[in-house]
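Here the structure is laid out as structure tokens; the discussion comes afterwards.
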Amino acid sequence: MCDPGTIAAVSLAVSAIGTAATFTGQMQQQRAQEAAASFRAGVMRNNAVRAENAAQDAIARGAVDEAALRRDTERLIGAQIVAGAGQGQLVNRGSMLVATRDASIFGELDAQTIRANAEREALSLRTQAGDFRLEAQAVEAGGKSSLLGPAGTALTGLGTIASRYARFDKERVFNSTSPSPTGPRRTSGSGRV
């Protein structure tokens with residue numbers, strides 16, 4: 001059987017190794033969480049870029065559709081004028097004037113509706129892009145956890161080791177016949193114990 005001093009020294013060493021292993025594992029876990037958060041944040045930033053591009057596309061599509069509708073409205077008015085003139089009607093009076101005016105008004109309303117719809121779609125997509133950017137920041141911030149966990153483990157482990165050492169020292173487990181981790185103990189003025 002081993003003497004109590006050796007058992008105490010081994011106990012302290014095992015506690016120190018366990019504390020170091022736990023600390024190292026927590027640090028590796030933290031690095032892995034940071035890497036995963038960084039990846040997720042990158043995906044969110046890419047989604048924000050895509051949403052912003054889609055917003056710009058919605059505005060461009062709206063402008064094209066609006067211009068096409070305006071051309072169609074002008075063609076309709078032109079066709080109405082030609083048809084009325086071909087029938088001998090005065091194009092700037094009476095029912096012909098009402099028909100061309102109505103076509104112009106409703107064409108303009110439809111064009112404004114197309115523009116407003118495109119702007120609403122773009123606003124929605126830009127809001128979504130902003131949400132993606134905010135989410136990316138939150139994910140990144142959450143991934144950058146503090147060192148409190150690993151530091152707490154290290155301090156708790158060191159405290160446990162110090163407490164055990166103090167208890168062993170108080171019980172005189174480390175005496176002159178067994179090696180002490182800090183060397184031989186001396187008492188005041190009388191030499192070795």
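Worth a mention:
- Comparing mean-square fluctuations of Leu123, Leu155, Leu90 from a GNM of the chain with C-alpha springs under 10 Å, the top value falls on Leu90.
- The chain, relative contact order in percent, only Cα pairs under 8 angstrom and at least six apart counted: 42
- The ellipsoid that matches the Cα gyration tensor of segment 82-131 has semi-axes, each √(5λ) in whole angstrom, of 42, 8, 4, with the longest given first.
- Per-residue extension of 0.36 nm, minus the Cα-Cα distance of Ala68 and Ala54, leaves a gain of 3.0 nm for this segment.
- Note on Ala13 and Arg31: the extension gain reaches 3.8 nm, defined as 0.36 nm multiplied by sequence separation minus the Cα-Cα distance.
- Label positions at Thr6 and Ala116, each projected 7 Å from the Cα along the C-beta direction, are separated by 9.2 nm.
- Modelled FRET efficiency - R0 41 Å, Arg61 with Val98, Cβ distances, 0.05 increments: 0.80
- Distance in nm between pseudo-label sites at Asp131 and Gln80 (7 Å out along the Cβ direction from Cα): 4.3
- Separation of the Glu171 and Thr156 label points, Cα + 7 Å toward Cβ, nm: 2.3
- Computed over Cα pairs, the Kirkwood radius of the chain leads via Stokes-Einstein (0.890 mPa s, 25 °C) to a diffusion coefficient of 99 µm² per second.
- GNM remark for the chain: springs join alpha carbons under 10 Å apart, and the peak mean-square fluctuation among Gly130, Gly78, Gly107 falls on Gly78.
- With K and R counted +1 and D and E -1, the other residues having a Cβ less than 12 Å from that of Leu12 yield a net charge of +1.
FYI, it's all coordinate maths here, none of it is from the lab. Predicted model, so just to flag it, every value in this text is computed and none were measured. When we count neighbours, we look across all protein chains shown, and the Cβ atoms used for this are built from the backbone with ideal geometry, even at glycine.
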